[in-house]
Each structure stands twice: as structure tokens, then as C-alpha cells.
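Quick one: the structure is below, and I'll ask about it shortly.
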Amino acid sequence: MRKQIAAANWKMNLTYKQAETLLDEILAAGLEPSPNQQVLFSVPFPYLIMANSEVAEETSYFIAAQNCSDKKSGAYTGEVSAEMLQSIGIKYCVIGHSERRDYFNESNQMLAEKVNLCLKHEIIPVFCCGEALSVREQETQNSFVQTQLEESLFHLSPEQIQNIIIAYEPIWAIGTGRTASTQQAQEMHHHLRSVLAGRYGQEVADNISILYGGSVKGANAIELFSSPDVDGGLVGGASLQATEFQQIIKALKK
Ligand code: PGA
């Protein structure tokens, strides 16, 4: 059975102390996710080791990096490799967030390299996809997002793709307060699952968690997550507040 996942994406926010306090607050609430649920915190690089030790005793909480390099190692000043993440015990990494695609020119091909390096180092990629407003206005979002999957993921084997988490994040809904409607989210998630089923078979597709991202909050999480193909959320702004994020964790399907 696929996991239901609440994934925080802190982006470039919080000082070290603030990050520690936020994690402590969320963990202290003592929410006990059920066996099919997981909580991820995608934190800035300098906080990975601290955050990983905070969740070390927990069974359902994990730490993710927000990015890794598409290169193995070498003279790439400022980059962080998948191997480095593995060496400090990190098991998840967000790959291809729209902010990385837009501001750092990450292409589908480059993201395929990152996915390969993550898998090689036993890191589960949280692979982000999603269309800009202009694409949605032309009603070509289905084929746009399908291409993102095909070019970055479809070289993987059925065993490998089942180790990927997909996050559908329409760019027009990120940080804008404008959420995709429950119907829009379900339609796209269903489309993505059909595309995965077309390539890998229904059983494999049914094992892959597909998260929704874009202005998820405590107040809209229950409705968004209630859709059959929406397996939780990747949450930016609302993940920076303990009570909001706790509500989002509680909204996951059991
Ligand atoms: P948001 O960000 O929840 O602030 O819209 C989501 C994301 O970018 O992952």
C-alpha cells in the first residue's frame, strides 16, 4: 500500500535555532502517524545533521535535503552530492522543485541525472513536477507534466520507480495562496497515475505516492487529501508554523 505523506519544504527559511525549535514543537505534539503515514522535513543543508538526530528515535519522521548535485563529485564549488547526503544518513531528497527549475535552469535531463545519483546512494527522490499558469491557460498541462515524468523518470526500472515519491505542484499555486481545487488536483493526480500505469502497469502505479503542493494549509488539507489519488502534500509556507503543519499531518488519510 502506498504511503500517505506530509512533507514540509522549509526552503531558504529559519535560522538554526528557529529550525530546532520548530522541529521540537512539532515532535513534542506526540502525533502518532499510522504505519501507512510518513512525515518528511525538507530542511536547508546546514541543518540536516541536527534535524536527522532530532528524528532518530521516531519511526515515521524523516529528513530530506532540498536538492543535490547532478554531478558525482569533483570541482563543483558550492554543490552537494548525493553521496555526501548518504554519508550523513539522509534518505530523502527533493528533486526538481519548480524554484530550482526556474531560477537555476534545471532541465528534465539534468533531473534524470540527479534521480539516478539519489537512487545509487539509496536516497528516495521526491520528484516535483507541475505547470506554469500559461500552460494551464492553454489547457496543455496534462501533456506538459507527462513530459516532465517521461524525460526524468521513465528510464527507471519498475523496482526503481516504486522508490520515488512524486509531488505535483502547479506553479501558479505555489506561495500564491491560490490552491488548485480538489477536482483539479484529483484530475492531474489521476492522469499522472494513468501515465505511470501505461508505462509500468497498474500495480506499480498504485504503489507510488503522489503528493499535491501549492498553498496547502491546515484549513484545506483534509479536503485536498481526501481525493483518492492525492497521497498527502508538499507544504511550503504552512510548514513553518508548528500548529498549521500538525493539522496537515492529522489530515492525512489513515
Ligand atoms: P507553498 O509552497 O505551500 O508555500 O505554496 C509549496 C512548495 O513550494 O513546495
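Just checking: which of the helices (runs of 4 or more DSSP H) contained wholly in the stretch 188-254 hold 3 or more residues that are closer than 17 Å to Glu169 by Cβ and touching a residue at least 24 places away in the same chain (Cβ under 8 Å)?
218-225
I'd like the residue in the stretch 201-234 that is more than 16 Å from Thr182 (Cβ to Cβ) and among the hydrophobic types (A, V, I, L, M, F, W, C) and, out of all such residues, is farthest from the ligand (Cβ to nearest atom).
Taking the stretch 201-234 as the starting set, the residues that turn out to be more than 16 Å from Thr182 (Cβ to Cβ) are 201-209, 234.
Subset that is among the hydrophobic types (A, V, I, L, M, F, W, C): 204-205, 208, 234.
Working: Val204: 25, Ala205: 23, Ile208: 18, Leu234: 4 Å.
Ranking the qualifying residues of the stretch 201-234, first place goes to Val204.
Which number in (1) more than 16 Å from the ligand (Cβ to nearest atom); (2) under 26 Å from Phe41 (Cβ atoms); (3) surrounded by fewer than 18 Cβ atoms within 10 Å (Cβ to Cβ); (4) acidic (Asp, Glu) marks the one condition that Asp70 misses?
It fails just one condition, (3).
Glu99 is checked against (1) touching a residue at least 24 places away in the same chain (Cβ under 8 Å); (2) in a helix (DSSP H, G or I); (3) more than 16 Å from the ligand (Cβ to nearest atom) and fails just one. What number does that condition carry?
Going through the list (1) touching a residue at least 24 places away in the same chain (Cβ under 8 Å); (2) in a helix (DSSP H, G or I); (3) more than 16 Å from the ligand (Cβ to nearest atom), Glu99 breaks only (3).
Oh, and also: Residues of the stretch 3-26 being crowded, with 17+ Cβ neighbours inside 10 Å and either over 17 Å from the mean Cα position of the chain (by Cα) or within 21 Å of Gln162 (Cβ to Cβ) (or both), which ones? Outline the logic, then answer.
Going residue by residue through the stretch 3-26, those that are crowded, with 17+ Cβ neighbours inside 10 Å are 3-11, 14, 19, 22-23, 26.
Of everything in the stretch 3-26, those that are crowded, with 17+ Cβ neighbours inside 10 Å and either over 17 Å from the mean Cα position of the chain (by Cα) or within 21 Å of Gln162 (Cβ to Cβ) (or both) turn out to be Lys3, Gln4, Ile5, Ala6, Ala7, Leu14, Ala19, Leu22, Leu23, Ile26.
Of all residues in the stretch 2-26, how many are without any contact (Cβ under 8 Å) to a residue 60 or more places away in the chain and under 19 Å from Gly233 (Cβ atoms)? It would help to see each step written out before you state the result.
Filtering the stretch 2-26 down to residues without any contact (Cβ under 8 Å) to a residue 60 or more places away in the chain leaves 12, 15-21, 23-24.
From what's left, under 19 Å from Gly233 (Cβ atoms): 23.
Here the count works out to 1.
Within the stretch 235-247, track down each residue that is more than 10 Å from the ligand (Cβ to nearest atom) and surrounded by 24 or more Cβ atoms within 10 Å (Cβ to Cβ).
Phe245
The rows are residues; the columns are (1) among the acidic types (Asp, Glu); (2) modelled with pLDDT of 95 or more; (3) not in a helix (DSSP H, G or I).
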site	(1), (2), (3)
Pro46	no, yes, no
Asn52	no, yes, no
Phe62	no, yes, yes
Lys72	no, yes, yes
Tyr76	no, yes, yes
Glu83	yes, yes, no
Ile90	no, yes, yes
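Can you name every residue in the stretch 17-44 that is of a type in the set (Asp, Glu) and either within 13 Å of Thr243 (Cα to Cα) or part of a helix (DSSP H, G or I) (or both)?
Our first condition is that a residue be of a type in the set (Asp, Glu); within the stretch 17-44, this holds for 20, 24-25, 32.
If the condition is that a residue be of a type in the set (Asp, Glu) and either within 13 Å of Thr243 (Cα to Cα) or part of a helix (DSSP H, G or I) (or both), then Glu20, Asp24, Glu25 are the ones that fit.
Go over the candidates Ser209, Ser215, Ser181, Ser239 one by one and state the one that is out of contact with any Gly (no Cβ under 8 Å at 6 or more places or on another chain), within 19 Å of Gln4 (Cα to Cα) and not basic (Lys, Arg).
Numbers: Ser209 fails: out of contact with any Gly (no Cβ under 8 Å at 6 or more places or on another chain); Ser215 fails: out of contact with any Gly (no Cβ under 8 Å at 6 or more places or on another chain); Ser181 fails: within 19 Å of Gln4 (Cα to Cα).
Ser239 is the lone residue from the list that is out of contact with any Gly (no Cβ under 8 Å at 6 or more places or on another chain), within 19 Å of Gln4 (Cα to Cα) and not basic (Lys, Arg).
Does Ile249 meet the test of being farther than 22 Å from Leu27 by Cα, of a type in the set (Val, Ile, Thr) and under 15 Å from the mean Cα position of the chain (by Cα)? Step through it out loud before you land on a result.
Working: farther than 22 Å from Leu27 by Cα: no; of a type in the set (Val, Ile, Thr): yes; under 15 Å from the mean Cα position of the chain (by Cα): yes.
No: the conditions fail for Ile249.
Among residues belonging to the stretch 165-185 that are at pLDDT 95 or above and in a loop (DSSP other than H, G, I, E, B), point out the one that is farthest from the ligand (Cβ to nearest atom).
Going through the qualifying residues, I end up with Pro170.
Next up: Would you tally the residues in the stretch 113-152 being within 16 Å of the ligand (Cβ to nearest atom), in a helix (DSSP H, G or I) and surrounded by fewer than 18 Cβ atoms within 10 Å (Cβ to Cβ)?
Filtering the stretch 113-152 down to residues within 16 Å of the ligand (Cβ to nearest atom) leaves 125-133, 136, 145, 148.
From what is left, the residues that are in a helix (DSSP H, G or I) are 133, 136, 145, 148.
Retained after the next criterion (residues that are surrounded by fewer than 18 Cβ atoms within 10 Å (Cβ to Cβ)): 133.
Residues meeting the conditions: 1.
The values are calculated or read from the model by the stated rules, or taken from the named source; none is laboratory data. Given the structure is predicted, the values throughout are model-derived calculations rather than measurements. Positions of Cβ are backbone-derived with ideal geometry, glycine not excepted, and every protein chain shown enters the neighbour counts.
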